[in-house]
Amino acid sequence: MAALWSNPITLKMKGWGWLALLLGALLVTAWARRSQDLHCGACRALVDELEWEIAQVDPKKTIQMGSFRINPDGSQSVVEVPYARSEAHLTELLEEVCDRMKEYGEQIDPSTHRKNYVRVVGRNGESSELDLQGIRIDSDISGTLKFACESIVEEYEDELIEFFSREADNVKDKLCSKRTDLCDHALHISHDEL
């Protein structure tokens, strides 16, 4: 056994083994950080899109919720709730919101070197008023962001409906950081930043 340790080829292979192990650990760390940035960015973009869609609905518009059965006294247990934050409307929004991830690009934060995802197409469909300097836009980014968004909607649908069914402040932080831990690294990011 002692002869194995004194053999220079064995020592060199052991050195390469440590180097390979270190390189593997660095790659796993980089992949985990990229995945965390992606899922955090998808969650924050998802929240932005849902908040915008909810704001577009006429606040006077309502929907009837409850049982449509007639009670023994002849009355019904039906309540009118604002449509914008109704479960029916939110469910409809969740089915299509991830398609809007194609309107986002990727930007590297110069101070943290973390990836952020920013809207590159204005709400009216134009990009002329947006500063796109330093933003990478391609189908791989939007496809990956859309997939991450769909994963979040699938895994956290109940939480999303719960949060958006009532008005709340700082939904991005509360939902993406505190409730789901998708952005636990980003608690310092302001609510308006994406």
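Within the stretch 156-165, take every residue that is of a type outside the set (Phe, Trp, Tyr) and without any contact (Cβ under 8 Å) to a residue 24 or more places away in the chain and give me the one that is nearest to Ala42 (Cα to Cα). Only one residue fits best here, namely Glu159.
For every residue, the table says whether it meets (1) farther than 21 Å from Asp181 by Cα; (2) in contact with a strand residue (DSSP E or B) (Cβ under 9 Å, 6 or more places away or on another chain); (3) open to solvent by 60 Å² or more (accessible area, probe 1.4 Å); (4) at pLDDT 90 or above.
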residue	(1), (2), (3), (4)
Asp48	no, yes, no, yes
Glu87	yes, yes, yes, yes
Leu90	yes, no, no, yes
His113	no, no, yes, no
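Beta carbons closer than 8 Å, at least 6 apart along the sequence or on distinct chains, pair a first residue in the stretch 131-151 that is closer than 23 Å to Leu182 by Cβ and outside any helix (DSSP H, G or I) with a second that is of a type in the set (S, T, N, Q) and open to solvent by 30 Å² or more (accessible area, probe 1.4 Å) for Ile135/Gln107; Arg136/Gln107. Val81 meets the conditions (1) touching a residue at least 60 places away in the same chain (Cβ under 8 Å); (2) part of a strand (DSSP E or B) in every case but one. The failed one is (1). Checked against (1) in a loop (DSSP other than H, G, I, E, B); (2) modelled with pLDDT of 90 or more; (3) of a type in the set (Lys, Arg), Lys102 passes all but a single condition, namely (1). Residues of the stretch 66-80 include none that is buried (at least 17 other Cβ atoms within 10 Å of the Cβ) and either in contact with a strand residue (DSSP E or B) (Cβ under 7 Å, 6 or more places away or on another chain) or among the basic types (Lys, Arg) (or both).
Would you check which residues across the stretch 142-155 are within 13 Å of Cys43 (Cβ to Cβ) and either more than 15 Å from the chain's Cα centre (by Cα) or open to solvent by less than 60 Å² (accessible area, probe 1.4 Å) (or both) and list them? Residues satisfying the conditions are Leu145, Ala148, Cys149, Ser151, Ile152, Val153.
The values are calculated or read from the model by the stated rules, or taken from the named source; none is laboratory data. Note that the coordinates shown come from a computational prediction; the quantities given were computed from them, not determined experimentally. Positions of Cβ are backbone-derived with ideal geometry, glycine not excepted, and every protein chain shown enters the neighbour counts. Just so you know, the surface numbers come from the protein's heavy atoms only, side chains and all, with ligands and any DNA or RNA stripped out. Shrake-Rupley method; radii C 1.70, N 1.55, O 1.52, S 1.80 Å.
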